1. Which residue out of ILE144, ILE97 is among the hydrophobic types (A, V, I, L, M, F, W, C) and within 25 Å of PRO256 (Cα to Cα)?
2. Just for the stretch 157-172: of the residues that are β-branched (Val, Ile, Thr) and out of contact with any Asp or Glu (no Cβ under 8 Å at 6 or more places or on another chain), which one is farthest from ILE238 (Cα to Cα)?
3. Got a sec? Which of ALA251, ALA289 is at pLDDT below 85, surrounded by 21 or more Cβ atoms within 10 Å (Cβ to Cβ) and under 23 Å from SER99 (Cβ atoms)?
4. Going through ALA179, ALA166, ALA184, ALA202 one at a time, which residue ends up being at pLDDT below 85, of a type in the set (A, V, I, L, M, F, W, C) and under 23 Å from VAL129 (Cα atoms)?
5. So, in the stretch 206-235, exactly how many residues are β-branched (Val, Ile, Thr) and closer than 28 Å to LEU288 by Cα?
6. Kindly provide the set of residues from the stretch 56-107 that are loosely packed, with under 13 Cβ neighbours inside 10 Å and part of a helix (DSSP H, G or I), ordered by number.
7. Here are ILE97, ILE118, ILE102: which of them is among the aliphatic types (A, V, I, L, M) and either free of Cβ contacts under 8 Å to residues at least 12 places away in the same chain or under 21 Å from GLY236 (Cβ atoms) (or both)?
8. In the stretch 109-130, how many residues are within 9 Å of the chain's Cα centre (by Cα) and not hydrophobic (A, V, I, L, M, F, W, C)?
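The values are calculated or read from the model by the stated rules, or taken from the named source; none is laboratory data. This one's a predicted model, so the numbers in the text were calculated from it and none came from an experiment. As a convention, Cβ positions derive from the backbone with ideal geometry for all residues, glycine included, and neighbour counts pool all protein chains shown.
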Amino acid sequence: MTKTPVETLRWRAWLLTDTPASRHHAKLSAFYKGWLSFRGNTMAMVGLWILICLILAALFAPLLSPHDPFAQNLGNRLQPLGSSNHVLGTDSLGRDILSRLIYGSRITLYIVGLVALIAPITGLLVGTVAGYVGGWTDQILMRITDIFLAFPRLVLALAFVAALGAGIENAVLAISLTAWPPYARIARAETLTIRSSDYISAIQLQGAGALRIITKHIWPLCISSLIVRVTLDMAGIILAAAGLGFLGLGAQPPSPEWGAMISEGRRFILDHWWVAAVPGMAIFTVSLAFNLLGDGLRDVLDPKDSEK
């Protein structure tokens with residue numbers, strides 16, 4: 001049943017009120033106001049729509065792909081852009097590039113999703129424990145963090161993959177192991193600020209233990225900063241995964257991974273440039289979308305900006 005304009009205005013006024021009637025009402029009101037602020041950022045909405053299209057392409061890849069991404073046809077190899085049966089051409093083995101791009105979006109989302117799940121949680125745990133407990137615990141955890149930060153991310157990921165072996169799972173693990181230190185730093189800085197606040201002292205006087213304070217009161221306040229950092233880091237994660245695939249250390253052939261597709265196409269870059277350029281443009285577009293989305297979320301979730 002559709003809502004009438006009067007009901008829509010009533011709901012809008014209820015969500016935009018400055019005097020919420022309950023905690024649930026306050027959360028819904030804050031979410032709606034944040035969405036209105038985010039929706040007003042045109043570039044952030046562009047990034048969001050690009051990512052929605054990427055997710056839909058990954059979900060409905062069998063329906064959207066015009067050809068089998070693994071089917072080879074050497075008699076149809078290196079077809080140019082705009083061919084009758086291959087919109088984005090074919091690669092050196094006659095495989096349809098568009099179909100491989102669509103199926104490659106699944107690998108990209110798989111890597112991004114796992115890294116976005118592992119790295120921030122690890123960094124949040126390490127950073128909040130270090131910031132709240134302090135002392136030798138803080139010193140040890142932060143020195144370990146500094147060791148990881150001392151190496152370039154891609155170089156460290158290459159070292160882990162070389163030790164663990166090539167493969168998409170090992171690539172995800174290697175990228176996660178190199179991505180958590182910045183989140184730990186952010187979480188520790190937030191925790192040091194929160195730890196000295198009056199309401200934390202009041203909770204301690206009520207008998208709350210360190211575990212409850214960290215999980216129930218500190219973590220919720222750190223999540224917004226981590227969400228912004230995660231979205232801004234997604235471009236770097238995609239590039240790291242593509243770099244490992246380019247070097248043959250990520251997803252293994254014949255998987256349609258975008259970095260591996262660029263690696264294959266570099267042999268024909270002068271005469272058949274589209275074989276490498278098309279997956280490169282896909283990586284660029286998705287990385288740009290994550291950056292635009294991260295900028296929009298930062299404007300909404302950053303408390304310093306909301307005070308201006």
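1. ILE97
2. The initial filter retains those residues of the stretch 157-172 that are β-branched (Val, Ile, Thr), namely 161, 168, 172.
After this cut, where a residue has to be out of contact with any Asp or Glu (no Cβ under 8 Å at 6 or more places or on another chain) as well, the list is 161, 172.
On the way: VAL161: 16, VAL172: 11 Å.
Ranking the qualifying residues of the stretch 157-172, first place goes to VAL161.
3. Unique residue meeting the criteria: ALA251.
4. ALA202 is the lone residue from the list that is at pLDDT below 85, of a type in the set (A, V, I, L, M, F, W, C) and under 23 Å from VAL129 (Cα atoms).
5. Qualifying residue count, the stretch 206-235: 5.
6. Scanning the stretch 56-107 gives LEU56, PRO62, LEU63, LEU74, GLY75.
7. ILE118
8. Of the residues in that region, 1 qualify.
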